[in-house]
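Have a look at the structure below before the remarks.
Derivation of every value follows stated rules applied to the coordinates shown; laboratory data play no part. None of the values given here were measured: they were computed from a predicted structure. In this analysis, Cβ positions are derived from the backbone assuming ideal geometry, glycine residues included, and neighbour counts consider all displayed protein chains.
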Amino acid sequence: MEQFTEKNCSLCGHEVSNPVCVDCLRKQIIGFVGTNLKQDVDENMQLFEGFEDSKTKCVFCDAPVFICSYCFYREIYKVLKLSNPRFAKKFGRLFQCSGEMQTFLNHYFSFSLEVT
Ligand SMILES: [Zn+2]
Ligand SMILES: [Zn+2]
């Protein structure tokens, strides 16, 4: 039955190395995008509903984690790109400027090839 191990992302199947739940990610993103784009982000939280089977726990609040941060950022980035391309660019830069830059880029680009 189990397609992925408990530590793998339900969307991309990659290992979730630093599990953070969508709620905590949402707060982080909204802290960055501000209230202007809060609605865009909130509307897209639906994308992350319906995955409830996870034994992986959020490092911040202990909630179940079923997708990796990269998939979350990717979805939000796609939304921002439609509603506010200039801002999306900034967003992309910010989240690529972390210590995990290369991992993020690899991960992100592996998707941009498949997702149009
Ligand atoms: Zn993922
Ligand atoms: Zn959390």
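A simple rule links phi to the HN-Hα coupling: the Karplus curve 6.51 cos²θ - 1.76 cosθ + 1.60 with θ = phi - 60°, which for the range 25-32 gives 5, 4, 4, 4, 5, 5, x, 8 Hz, with x for Gly and Pro.
Taking the average, over residues, of other Cβ atoms within 10 Å as the packing measure, peptides 68-78, 14-24, 41-51 rank 68-78, 14-24, 41-51 from highest down. For N8, the residues whose amide H sits under 5 Å from its own are V16, ignoring neighbours fewer than 5 places away on the same chain, with H placed 1.01 Å from N. Here the peptides 7-13, 82-88 are ranked by packing, the mean other Cβ count within 10 Å, and the order with the highest first is 7-13, 82-88.
Modelled this way, with points 7 Å down the Cα-to-C-beta line, the labels at R93 and K27 are 2.8 nm from one another.
On the basis of the beta-carbon distance and an R0 of 30 Å, K57 and K81 show a calculated FRET efficiency of 0.45. Projecting label points 7 angstrom from Cα along Cα→Cβ for N18 and L47 puts them 2.0 nm apart.
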